[in-house]
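The values are calculated or read from the model by the stated rules, or taken from the named source; none is laboratory data. Computed from a prediction, not measured in an experiment: that's the story for all the values here. Note: ideal-geometry Cβ built from the backbone for every residue, glycine included; neighbour counts use all protein chains shown. For the accessible areas, the whole protein counts, side chains as well, though only heavy atoms, and no ligand, DNA or RNA atoms are used. Shrake-Rupley method; radii C 1.70, N 1.55, O 1.52, S 1.80 Å.
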Amino acid sequence: MSSLSSAGLNTRCVHAGTQRDLRVGAVNTPIHASSSFLHPNDLSPSVCYPRYMNIPVQQAVADKMAALESVGLEPDPARNVRAMALSTGMAAVSAPLLGLTKVGDHVVLQADLYGCTHWLTVNELPRHGVDYTLVRSSDPEAIAAACTSRTKVIYLESPSNPLLRIVDLAAVAAVAKACGATSVIDNTFASPINQTPLSLGFDVVVHSGTKYLGGHSDLSCGVVVGSGERFDAMFNWVVGVGCTLGMQDCALLERSLKTLALRMERHNANGMAVAEFLDQHPRVERVNHPGLPTHPGHDIASRQMRGFGAMLSFEPRLTPAEVRTMLTRLKVITPGISLGGVESLATLPAETSHVKMTAEARKAAGIADTLVRISVGIEDAEDIMADLDQALGI
Ligand SMILES: *Cc1c(COP(=O)(O)O)cnc(C)c1O
């Protein structure tokens with residue numbers, strides 16, 4: 001992998017981490033269909049076992065993710081970036097929140113959180129004796145003001161769901177360093193192709209690999225990236241709790257990652273085209289996409305992201321009932337939950353991801369009942385736009 005430390009994203013996607021079996025000369029990393037391994041084994045000093053994440057295909061996919069999230073980092077042997085593949089995105093979210101905290105600690109989180117991360121914060125952290133502060137503003141100074149001497153983790157998402165809010169990552173990383181906390185980001189919406197937070201000073205990156213990393217809506221997994229003792233602590237938590245990713249799914253994730261940069265290129269182009277199309281559509285009130293110059297986070301996003309991504313949301317000039325009808329008229333875009341797959345998907349956050357919030361809480365958070373979120377796929381942009389146009393024409 002060291003020979004790849006200056007390689008581009010596409011090259012890393014294809015080659016980083018691959019472990020070849022030279023006895024048969026297979027080009028790809030093998031899947032060892034075994035949960036029992038020889039012991040003692042003179043050729044392998046460590047005991048292989050899937051939950052320990054030391055099977056070649058588990059290591060290969062972890063090394064590939066470490067290489068992707070290291071883009072923009074100076075190669076530094078003292079800061080050996082490592083990754084691990086877990087069973088779900090929530091396992092990855094839990095690893096820093098539960099694995100890096102203990103009774104009496106405090107966590108600061110940005111209020112714009114994935115629904116289940118919000119649930120975990122509100123329900124599980126207190127049960128483990130950890131208290132938290134949710135910060136509504138994305139201003140780094142507001143985050144700094146919420147930190148205390150007990151703050152161990154600062155956690156955020158950028159771009160966030162579903163309003164695509166952008167946080168200044170370098171500024172928040174500096175806040176975390178100043179107060180001695182670990183900075184953690186859920187990088188699911190951007191993927192390492194569009195954003196590498198470690199290069200902006202973040203300590204830990206987590207992903208729902210179920211989304212762009214898997215990319216085909218057929219895989220459930222998560223990834224954690226970090227270094228040093230923090231990584232060791234999260235690793236021990238994961239091995240102890242047992243939320244590692246099985247070998248077959250690791251192979252599927254490794255295969256998906258080979259085309260990640262290629263897919264993101266099309267996702268980015270389509271996301272931008274659809275955002276601009278909706279932005280000038282007479283039936284659309286407002287579009288949230290960080291690539292639009294009118295987006296409040298556009299300047300920061302331009303600085304810290306390589307691409308603006310394919311997640312967007314918009315408010316049509318329609319009643320809630322008309323919006324529901326609009327979704328049923330879509331032919332290319334599928335009304336469906338989740339995101340990040342090759343197919344375009346549309347959801348109403350007020351009825352899906354944010355249904356557990358009260359109507360007032362949603363309103364306070366800026367999530368209108370008519371807000372439509374689109375995960376723009378890799379189909380032809382013209383077909384996606386024509387589909388939206390005909391559906392909006394009710
Ligand atoms: C989907 C998602 C998760 C949770 O991932 P699962 O694979 O469903 O556990 C976490 N964060 C974000 C931003 C997500 O979109």
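In the stretch 54-68, what residues are away from the ligand (no atom under 16 Å from the Cβ) and of a type outside the set (S, T, N, Q)?
Of everything in the stretch 54-68, those that are away from the ligand (no atom under 16 Å from the Cβ) and of a type outside the set (S, T, N, Q) turn out to be Ile55, Pro56, Val57, Ala60, Ala62, Asp63, Lys64, Ala66, Ala67, Leu68.
Tell me which of these Asp76 doesn't satisfy, since it passes every other one: (1) modelled with pLDDT under 95; (2) open to solvent by less than 60 Å² (accessible area, probe 1.4 Å); (3) acidic (Asp, Glu).
Asp76 satisfies every listed condition except (2).
Pick from Leu86, Leu120, Leu100: which is open to solvent by less than 70 Å² (accessible area, probe 1.4 Å), within 16 Å of the chain's Cα centre (by Cα) and either modelled with pLDDT of 95 or more or closer than 20 Å to Lys211 by Cα (or both)?
Leu86
Among the residues of the stretch 374-391, which ones are within 24 Å of the chain's Cα centre (by Cα) and assigned to a loop (DSSP other than H, G, I, E, B)?
Listed by number, the residues that qualify are Val376, Gly377, Ile378, Glu379.
Those residues that are assigned to a loop (DSSP other than H, G, I, E, B), under 28 Å from Asp218 (Cα atoms) and at pLDDT 90 or above, I need them from the stretch 336-373; list them, please.
Within the stretch 336-373, Gly336, Ile337, Ser338, Leu339, Gly340, Gly341, Val342, Glu343, Ser344, Leu348, Leu371 qualify.
Taking Gly336 as the residue in question, decide whether it is free of Cβ contacts under 8 Å to residues at least 12 places away in the same chain, within 16 Å of the ligand (Cβ to nearest atom) and either of a type outside the set (A, V, I, L, M) or open to solvent by less than 10 Å² (accessible area, probe 1.4 Å) (or both).
On the way: free of Cβ contacts under 8 Å to residues at least 12 places away in the same chain: yes; within 16 Å of the ligand (Cβ to nearest atom): yes; either of a type outside the set (A, V, I, L, M) or open to solvent by less than 10 Å² (accessible area, probe 1.4 Å) (or both): yes.
Taking the combined requirement at face value, the residue satisfies it.
Specify which of the listed residues (Thr319, Thr328) is open to solvent by 20 Å² or more (accessible area, probe 1.4 Å), free of Cβ contacts under 8 Å to residues at least 24 places away in the same chain and among the hydroxyl-bearing types (Ser, Thr, Tyr).
Thr328
Within the stretch 266-286, can you find the residues that are in a helix (DSSP H, G or I) and either within 19 Å of Ile55 (Cα to Cα) or touching a residue at least 60 places away in the same chain (Cβ under 8 Å) (or both)?
Listed by number, the residues that qualify are Arg266, His267, Asn268, Ala269, Asn270, Gly271, Ala273, Val274, Phe277, Leu278.
Would you mind listing the helices (runs of 4 or more DSSP H) fully within the stretch 14-119 where at least 3 residues are under 15 Å from Val184 (Cα atoms) and of a type outside the set (Lys, Arg)?
Numbers: elements: 56-69, 89-99, 115-119.
It comes to 89-99.
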